[in-house]
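Enquirer: Structure below; questions to follow.
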Amino acid sequence: MTASTELRTVPQVMARLQLGRTAVYDLLRTRQLASITLGRARRIPTHALTDFIRTRLDQEAA
């Protein structure tokens with residue numbers, strides 16, 4: 001798996017964004033942060049997390 005297709009768990013995303021579980025699931029629910037479901041597990045592609053951070057930075061700069 002390349003870095004662009006690497007998958008993160010919700011706890012990993014929580015740590016990266018320094019947000020709680022509810023906040024991360026809210027981002028997933030509102031589709032602000034893309035994810036895939038594997039069985040009952042939710043995974044976030046690394047590129048989706050990077051895109052989310054870049055988009056938020058661009059919004060803050062505007």
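Throughout, read-outs are computed from the coordinates displayed, never taken from laboratory work. This is a predicted model, so every value here is computed, not measured. Here the Cβ positions follow ideal geometry from the backbone for every residue, glycine too, while neighbour counts run over all protein chains shown.
Enquirer: Of these, Ile53, Ile36, Ile44, which one is β-branched (Val, Ile, Thr), surrounded by 11 or more Cβ atoms within 10 Å (Cβ to Cβ) and in contact with a Ser or Thr (Cβ under 7 Å, 6 or more places away or on another chain)?
Expert: Among Ile53, Ile36, Ile44, only Ile44 is β-branched (Val, Ile, Thr), surrounded by 11 or more Cβ atoms within 10 Å (Cβ to Cβ) and in contact with a Ser or Thr (Cβ under 7 Å, 6 or more places away or on another chain).
Enquirer: Among the residues of segment 28-46, write down those that are under 8 Å from the mean Cα position of the chain (by Cα) and in a helix (DSSP H, G or I).
Expert: Leu28, Thr46
Enquirer: With respect to Leu19, determine if the residue is touching a strand residue (DSSP E or B) at 6+ places or on another chain (Cβ under 9 Å) and part of a loop (DSSP other than H, G, I, E, B).
Expert: No; evaluated as a whole, the condition is false for this residue.
Enquirer: Give me the pairs, please: first residue somewhere in segment 8-33 and farther than 13 Å from Arg56 by Cβ, second residue anywhere and basic (Lys, Arg), beta-carbon distance under 7 Å, and either six or more positions apart or on two chains.
Expert: Within 7 Å, the pairs are Arg8/Arg43; Thr9/Arg43; Val10/Arg21; Val10/Arg42; Met14/Arg21; Leu28/Arg42.
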